[in-house]
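Computed from the coordinates by the stated procedures, all read-outs in this text should not be read as laboratory data. Quick caveat, the model's predicted, so the values are computed rather than measured. Backbone-built Cβ (ideal geometry, glycine too); neighbour counts: all protein chains shown.
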Amino acid sequence: MSMKRKISLLYVRLISILFIVQASFGIFLKLYKGETDDLVHNGLHGLIGIIGILSSFGESKFVNSRKFLLGFSLFYTSLGLIGWFWPNPFGLIPLGVADNVFHILVGLLSFAVYLTLGERKNREEK
């Protein structure tokens with residue numbers, strides 16, 4: 001396995017774990033305070049993290065990780081750009097400037113990692 005692929009898989013796993021931890025902490029904190037305003041947003045982060053983890057293991061981990069990174073990067077970059085013009089997209093939670101910047105940066109970084117993962121050269125290199 002090439003170094004680029006190792007780094008790409010590590011990125012997918014790390015960002016997925018971070019999203020799961022952030023979601024778990026956010027949900028726990030909100031429930032502890034008796035608030036429910038951000039549960040869907042945190043749940044979405046957790047779901048994305050779980051999908052990322054699942055995509056980075058198994059027989060087709062490179063293909064699945066590449067698909068995850070493409071979808072993840074397009075979704076987050078788009079969400080960051082939409083947030084500048086529509087402060088409460090999809091009615092989930094209002095997005096501020098920091099949210100938009102975060103979404104755009106994570107989306108663009110993920111797209112850069114997607115490009116490094118490259119096409120699968122042959123079937124043995126799963």
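Just checking, does the stretch 12-30 include any residue being of a type in the set (Lys, Arg) and surrounded by 12 or more Cβ atoms within 10 Å (Cβ to Cβ)? Show your work before the answer.
Initially, the stretch 12-30 is screened for residues of a type in the set (Lys, Arg), giving 13, 30.
Within this subset, residues satisfying the condition of being surrounded by 12 or more Cβ atoms within 10 Å (Cβ to Cβ) are 13, 30.
Yes; the residues of the stretch 12-30 include at least one that is of a type in the set (Lys, Arg) and surrounded by 12 or more Cβ atoms within 10 Å (Cβ to Cβ).
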Q.
Tell me whether the stretch 62-75 contains one or more residues that are closer than 15 Å to Arg5 by Cα and charged (D, E, K, R).
A. yes
Problem - Yes/no for Ser8 being surrounded by 14 or more Cβ atoms within 10 Å (Cβ to Cβ), polar (S, T, N, Q) and touching a residue at least 60 places away in the same chain (Cβ under 8 Å) - result: yes
- Query: Can you spot a residue in the stretch 95-104 that is of a type outside the set (A, V, I, L, M, F, W, C), surrounded by fewer than 14 Cβ atoms within 10 Å (Cβ to Cβ) and more than 30 Å from Met3 (Cα to Cα)?
  - Reply: yes
Within the stretch 43-90, restricting to residues that are charged (D, E, K, R) and without any contact (Cβ under 8 Å) to a residue 60 or more places away in the chain, the one that is surrounded by the most Cβ atoms within 10 Å (Cβ to Cβ) is Arg66
Counting only residues in the stretch 6-39 that are β-branched (Val, Ile, Thr) and assigned to a helix (DSSP H, G or I), the one farthest from Arg66 (Cα to Cα) is identified as Ile27
